[in-house]
Every structure is written in C-alpha cells, then in structure tokens.
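**Student:** One structure coming up, written as structure tokens, with questions to follow.
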Amino acid sequence: MKIVSLYFKDDKLGELTYDGKYYIYNSNIVGEVKVKKYPSFLLYQLENSKNRKSTTLFSVFDEFKRNIINRHDILTRMGYEDGDDDFTLLYKYGHLSQNDFKYHLVSEG
C-alpha cells in the first residue's frame, strides 16, 4: 500500500492513503502531542484523525500540491508525468529529500 506520511520537523504527524475515491488520513497522536507547542501546528487541522475521509485533499496536503505544481525543477526530479493524480504527485514528491525543518512528506510502500 502506498502511504504519504506527514512530518513536522522529525515528528510524524500521520499518514495519508488513497483508495481511488477517498483520501484517508490517520493521525500519529504521539507526534501530534510533541509538536503542539509550535505556532505552525495551527495550520495542521487534522489532529486526532482516525480514518478521516475526504474526496478532496486535506488543506495541508493541498498546500504541498500547489507549491509542487509550480516548480518545474521539482516535477522533473520526481518524475512527474501528465496524468498523475494528486496522490501520485504527493507520493512521488515524498521520495525526494526535502526536510526543511518544517512540514515535509515521506513516502512509504
């Protein structure tokens, strides 16, 4: 199964999967507790999620998508292809080393 994990600094906040219809997010409560002290945690808005479903990307992931899609250098590096859906875009991006000590994605599976 393909998983896109969301991190803040070194702490894993949760995992996003996609079943072809729904984006499904599950929190990592331990990671969330550790990063609550940071002001940017307010942007997260997925706290305590368990099998939270949506037909559209959750806002924190949509922000990644909007930033990635405008960076042709990153699209080339990650092997983006026309026709890749939003989850595939995030999954490919998560294979790049991009930890800038803020939110970042790591792909698994």
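The values are calculated or read from the model by the stated rules, or taken from the named source; none is laboratory data. Since the structure is predicted, the reported quantities are computational estimates derived from the model, not experimental observations. FYI the Cβ positions are ideal-geometry reconstructions off the backbone, even for glycines, and counts take in every protein chain you see.
**Student:** Kindly indicate the residue of the stretch 27-45 that is assigned to a loop (DSSP other than H, G, I, E, B) and in contact with a helix residue (DSSP H, G or I) (Cβ under 7 Å, 6 or more places away or on another chain) and also surrounded by the most Cβ atoms within 10 Å (Cβ to Cβ) among those meeting that condition.
**Tutor:** Going residue by residue through the stretch 27-45, those that are assigned to a loop (DSSP other than H, G, I, E, B) are 28, 36-38, 44-45.
Cutting the leftovers down to in contact with a helix residue (DSSP H, G or I) (Cβ under 7 Å, 6 or more places away or on another chain) gives us 44-45.
Numbers: TYR44: 21, GLN45: 10.
It comes out as TYR44.
**Student:** Now a separate question. Do we find that MET78 is at pLDDT below 95 and within 21 Å of GLY109 (Cα to Cα) in this structure? Even if it seems obvious, please write down each step before you answer.
**Tutor:** Values: at pLDDT below 95: no; within 21 Å of GLY109 (Cα to Cα): yes.
Judged against the criteria, MET78 is not a match.
**Student:** Also, I was wondering about something else. Those residues that are out of contact with any helix residue (DSSP H, G or I) (no Cβ under 8 Å at 6 or more places or on another chain) and surrounded by fewer than 17 Cβ atoms within 10 Å (Cβ to Cβ), I need them from the stretch 4-16; list them, please.
**Tutor:** The answer is ASP10, and nothing else.
**Student:** Pick out the one residue from GLY31, GLY20, GLY83 that is in contact with a Leu (Cβ under 9 Å, 6 or more places away or on another chain) and of a type in the set (Gly, Ala, Ser).
**Tutor:** Working: GLY20 fails: in contact with a Leu (Cβ under 9 Å, 6 or more places away or on another chain); GLY83 fails: in contact with a Leu (Cβ under 9 Å, 6 or more places away or on another chain).
Only one candidate qualifies: GLY31.
**Student:** If we keep just the residues of the stretch 75-109 that are in a helix (DSSP H, G or I) and not aliphatic (A, V, I, L, M), which is surrounded by the most Cβ atoms within 10 Å (Cβ to Cβ)?
**Tutor:** The first filter runs over the stretch 75-109 and keeps only residues in a helix (DSSP H, G or I), leaving 75-78, 86-93.
Remaining after also requiring not aliphatic (A, V, I, L, M): 76-77, 86-88, 91-93.
Working: THR76: 9, ARG77: 14, ASP86: 17, PHE87: 19, THR88: 15, TYR91: 22, LYS92: 21, TYR93: 24.
By that ranking, first place goes to TYR93.
**Student:** Condition first: more than 19 Å from GLN98 (Cβ to Cβ) and hydrophobic (A, V, I, L, M, F, W, C). Now tell me which residues in the stretch 1-57 satisfy that.
**Tutor:** Hits for the stretch 1-57 are MET1, ILE24, ILE29, VAL30, VAL33, PHE41, LEU42, LEU46.
**Student:** Okay, next question. Have a look at SER54, SER59, SER5, SER49 and point out the one that is in contact with an Asp or Glu (Cβ under 7 Å, 6 or more places away or on another chain) and polar (S, T, N, Q). Show your work before the answer.
**Tutor:** Details: SER54 fails: in contact with an Asp or Glu (Cβ under 7 Å, 6 or more places away or on another chain); SER59 fails: in contact with an Asp or Glu (Cβ under 7 Å, 6 or more places away or on another chain); SER49 fails: in contact with an Asp or Glu (Cβ under 7 Å, 6 or more places away or on another chain).
So the residue among SER54, SER59, SER5, SER49 that is in contact with an Asp or Glu (Cβ under 7 Å, 6 or more places away or on another chain) and polar (S, T, N, Q) is SER5.
**Student:** Now for a different question. Looking only at residues that are surrounded by 10 or more Cβ atoms within 10 Å (Cβ to Cβ) and of a type in the set (Asp, Glu) in the stretch 46-74, which one is farthest from HIS104 (Cα to Cα)?
**Tutor:** The residue in question is GLU47.
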